[in-house]
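Data first, discussion second: the structure below is written as structure tokens.
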């Protein structure tokens, strides 16, 4: 019974510690993947201005717009990169990139192109 109570009392401490110890996605890896896989549609700056953009309907997402910054949560971006977006040119990357790579490229886009946290 004492072990159970101790576990309950220490659970919040463990959760806080675990969340701070979680590794941050590799920004350099994310940048490399973006340059290799994403910029052809989303553009060098993430603004959707690319050679491919004129041929795509709907056009690629402009990550730098205020609308995108409000709408695109980290969770939604990871889901879109993983599973693709229906009725768009956004293909699913789950069979090409690892989960770690998807998280890294989303982190890079959010941090460096969108300039948002998280």
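Within the stretch 66-118, work out how many residues are assigned to a helix (DSSP H, G or I), in contact with a helix residue (DSSP H, G or I) (Cβ under 9 Å, 6 or more places away or on another chain), without any contact (Cβ under 8 Å) to a residue 60 or more places away in the chain and surrounded by fewer than 17 Cβ atoms within 10 Å (Cβ to Cβ).
Number satisfying all stated conditions: 5.
I need the full set of residues from the stretch 42-52 which are crowded, with 17+ Cβ neighbours inside 10 Å and within 11 Å of residue 63 (Cβ to Cβ), in order please.
From the stretch 42-52, those crowded, with 17+ Cβ neighbours inside 10 Å are 42-43, 46-48, 50; that's our starting set.
Hits for the stretch 42-52 are 42, 43, 46, 47, 48.
Can you tell which of 45, 49, 31, 39 is modelled with pLDDT of 95 or more and over 22 Å from residue 97 (Cβ atoms)?
Numbers: 45 fails: over 22 Å from residue 97 (Cβ atoms); 31 fails: over 22 Å from residue 97 (Cβ atoms); 39 fails: over 22 Å from residue 97 (Cβ atoms).
Testing whether each residue is modelled with pLDDT of 95 or more and over 22 Å from residue 97 (Cβ atoms) leaves just 49.
Restricting to the stretch 53-62, give me the number of residues that are surrounded by 14 or more Cβ atoms within 10 Å (Cβ to Cβ) and more than 15 Å from residue 37 (Cα to Cα). First the steps, then the outcome.
We begin by selecting, within the stretch 53-62, every residue surrounded by 14 or more Cβ atoms within 10 Å (Cβ to Cβ); these are 53, 56, 59-62.
Applying the additional criterion that residues be more than 15 Å from residue 37 (Cα to Cα) yields 56, 59, 62.
The total comes to 3.
What residue, of 12, 25, is touching a helix residue (DSSP H, G or I) at 6+ places or on another chain (Cβ under 7 Å) and either exposed (fewer than 10 other Cβ atoms within 10 Å of the Cβ) or modelled with pLDDT under 95 (or both)?
Working: 12 fails: touching a helix residue (DSSP H, G or I) at 6+ places or on another chain (Cβ under 7 Å).
Residue meeting the stated conditions: 25.
The values are calculated or read from the model by the stated rules, or taken from the named source; none is laboratory data. Computed from a predicted structure; not experimentally measured. With ideal geometry, Cβ positions are generated from the backbone for all residues, glycine too; neighbour counts draw on all protein chains shown.
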